[in-house]
Amino acid sequence: MICIISLISGYVESYRWITTQPLYCPHTDEWNDKYIYKDWASPCPGHCSQRDSRRRNQSSRKMGFLLSACLVCMVSCIAAQNNNPTDNLALRGRATQSSTFYNYVYGYLAAAINAIDGNMDTNFYHGSCSYTNNDMSPWWRVDLLKPHKISQIVVTNRGDCCGDLIDGAQILVGDSLENNGNNNPSCAEINYLPNGETQFFECNGMVGRYVNIIIPGKETYLTLCEVQVFGEPVSKKPSCS
Ligand SMILES: [Ca+2]
């Protein structure tokens, strides 16, 4: 609202300034009190005043500044409105994992991004689950692109088989990429999650840019059908009221 009021008041002020200032006409050595806006093209008939063009440029710069300031304010306000804590932050993230399982029949169905595609389908063969190879301490990570206060992480397990693969996984939150982010603090452990089930984990405002899920100290596969992350950016919201 302030942006709109500033824009309107700035325009009105500039209009008044443009339309009421007298001009100096060097060829007659007189001041012309006519409204410039009305006689903008020729304030001094037959001549072009340098003051006229200078004022025109100053007014244009002033309007340009006001428009730029309002544009920045409006973009900031829109960005703040998009910081809704009920939004799934993972949908705008970037996912990776320790390796990607390859099936010689179905090819690469197992990409890390499948766990943040917004699709809760738990059948691996429908192409919406991540799946690593048989790695030592397999891990998966989503980069939220900037630090957030994480309130909740929601994990959906594979449903067509193998649900017990996820048992013992650790959910980590932090800003470090040391050891691929697997040295970050723990939010929760997935003790048991049946095939195709979804479980909520409270992180109570832990701050971090990265969310990792790792099965530590074990040679096994890690499969995830969806990971949702809820929270809000750490940076201060701009004031819009
Ligand atoms: Ca999915």
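Under a 5 Å amide H to amide H cut-off, with H placed in plane at 1.01 Å, what residues pair with SER99 once short-range neighbours are removed?
ASN133, TRP139
Which of rounded, prolate, oblate describes the stretch 170-241, given a ≥ b ≥ c as roots of the alpha-carbon gyration tensor eigenvalues and a/c under 1.5 marking rounded, otherwise prolate only if a/b is larger than b/c?
Working: a/c = 2.78, a/b = 1.62, b/c = 1.72.
Cα axes put the stretch 170-241 in the oblate bin.
May I ask you to evaluate 6.51 cos²θ - 1.76 cosθ + 1.60, the Karplus curve with θ = phi - 60°, for each residue of the stretch 197-203 and list the ³J(HN,Hα) values in order in whole Hz, giving x for glycine and proline?
Taking θ as phi minus 60°, the curve returns 8, 10, 10, 9, 10, 8, 10 Hz for the stretch 197-203.
Going by how many other beta carbons lie within 10 Å of each one, how would you line up MET120, MET136, fewest first?
MET136, MET120
Roughly how many nanometres apart are two label points built 7 Å out from the Cα toward the Cβ at ASP167 and MET120?
2.5 nm
Among the trypsin sites (Lys or Arg not before Pro) within the stretch 167-241, which fall in a DSSP loop and have no more than 15 other Cβ atoms within 10 Å of their own Cβ?
LYS218, LYS236
Between ASN133 and ASN183, what is the label-to-label distance in nm when each label sits 7 Å out along the Cα-to-Cβ direction?
About 2.5 nm, to one decimal.
Restricting to Cα pairs below 8 Å that are 6+ residues apart, what does the relative contact order work out to for the stretch 89-233? Please round to a whole percent. Write down the numbers at each step before the final one.
Details: 433 pairs, mean separation 49.2, N = 145.
About 34 percent, as a whole number.
How far apart, in nm, are two points set 7 Å out from the Cα along the Cα-to-Cβ line at PHE200 and at ASN103?
Distance between the two pseudo-spin positions: 3.2 nm.
Given H placed on each backbone N at 1.01 Å, which residues far from ASN123 in sequence or on other chains put an amide H within less than 5 Å of it?
Amide H neighbours of ASN123: GLY159.
Can you list the residues, at least 5 places off or on another chain, whose amide H is less than 5 Å from the amide H of SER151, using H built in the peptide plane?
Under 5 Å from the amide H of SER151 lie the amide H atoms of GLY205, PHE230, GLY231, GLU232, each far enough along the sequence or on another chain.
Taking the stretch 108-199, which chymotrypsin sites (Phe, Trp or Tyr not before Pro) meet the DSSP loop condition and have no more than 15 other C-beta atoms within 10 Å?
Counting only loop positions with at most 15 other Cβ atoms within 10 Å, the chymotrypsin sites (Phe, Trp or Tyr not before Pro) in the stretch 108-199 are TYR108, TYR192.
Every number in this text was worked out from the coordinates using simple rules, so none of it is lab data. What you see is a predicted model, and the numbers here were worked out from it, not measured in a lab. Heads up, the Cβs are rebuilt from the backbone with ideal geometry, glycines too, and the neighbour counts pull from every protein chain shown.
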